[in-house]
Amino acid sequence: MTKTAALQIATPTDREVVITRVVAAPRGMVFDAHTKPDLIQRWLLGPPGWTMPVCEIDLRVGGRYRYVWESADGHKMGTGGTFTEIVRPSRIVATQLFDEDWTGGETIVSTEIVEKDGKSTITTTVRYASREARDAALQTGMAQGMEAGYERLDDLLQETTHA
């Protein structure tokens, strides 16, 4: 598999961050990688050294999800929310609130998956409660953690397409 371009981050409004990444896989596989716990736990980990011991998903409108990450030194970070829209295999929208609310309240996370020529563009829009919350999130190193996760996603999708 050819590695795809690094993720791109934009701030189109004072409350939104838009993250775009291309992966070399059909969108159905990418959708599954975003919605099946056994797959999510393999790639959505942020920086090296983190694991996801808790990944619970009730994939339906009104269904809830729960993720808990754990660092090598035992620090835990949890988040959860409710699915508000699911359009297989192209769109997932959910609320998100971290246990230690460093984002200034609940966010809305919309993920769009568009396929062209066997590659899928993943566009994730995160709408924060305020400009300050958005700016604080951008200062956390989220881009580096997300890119590390997307590199693992590239590897996972490669394994899946060659299985």
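None of the figures in this text is laboratory data; all of them are computed from the coordinates on show. Given the structure is predicted, the values throughout are model-derived calculations rather than measurements. No Cβ is skipped: glycine too gets one built from the backbone with ideal geometry, and neighbour counts run over all protein chains shown.
Below are the figures for this structure:
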read-out: Net lengthening on full extension, S71/L97 (0.36 nm per residue, minus Cα-Cα); value: 7.4 nm
read-out: Theoretical ellipticity at 222 nm over the chain - DSSP helices of four or more residues, -39500 (n - 2.57) apiece, nearest 500; value: -8000 deg cm²/dmol
read-out: Computed lengthening from Q144 to T84, 0.36 nm per intervening residue step minus Cα-Cα distance; value: 18.8 nm
read-out: Low-density loop cleavage sites - chymotrypsin sites (Phe, Trp or Tyr not before Pro) in the range 21-115, where at most 16 other Cβ are within 10 Å (DSSP); value: W102
read-out: Student exercise, the range 90-163 dipole from Lys, Arg, Asp, Glu Cβ charges, in Debye to nearest 20; value: 320
read-out: Cβ-placed point charges (K, R +1; D, E -1), dipole of the range 25-130 about Cα centre in debye, nearest 20; value: 400
read-out: Qualifying trypsin sites (Lys or Arg not before Pro) in the range 44-83, DSSP loop, other Cβ atoms within 10 Å at most 14; value: R60
read-out: Estimated distance in nm for a label pair at T160 and D58, the labels positioned 7 Å out from Cα along Cα-to-Cβ; value: 2.4
read-out: Coil-residue GluC sites (Glu not before Pro) of the range 63-134, DSSP, other Cβ within 10 Å capped at 11; value: E100
read-out: Inter-part distance where the range 114-163 and the range 28-50 are each reduced to a Cα centre, Å; value: 10
read-out: Whole-number percent relative contact order across the range 25-130, with pairs defined as alpha carbons under 8 Å at least 6 apart; value: 21
read-out: 3J(HN,Hα) from dihedral phi, the range 76-89, Karplus parametrisation 6.51/-1.76/1.60, rounded to Hz, x for glycine, proline; value: 10, 9, x, 8, x, x, 10, 6, 10, 7, 9, 10, 6, x
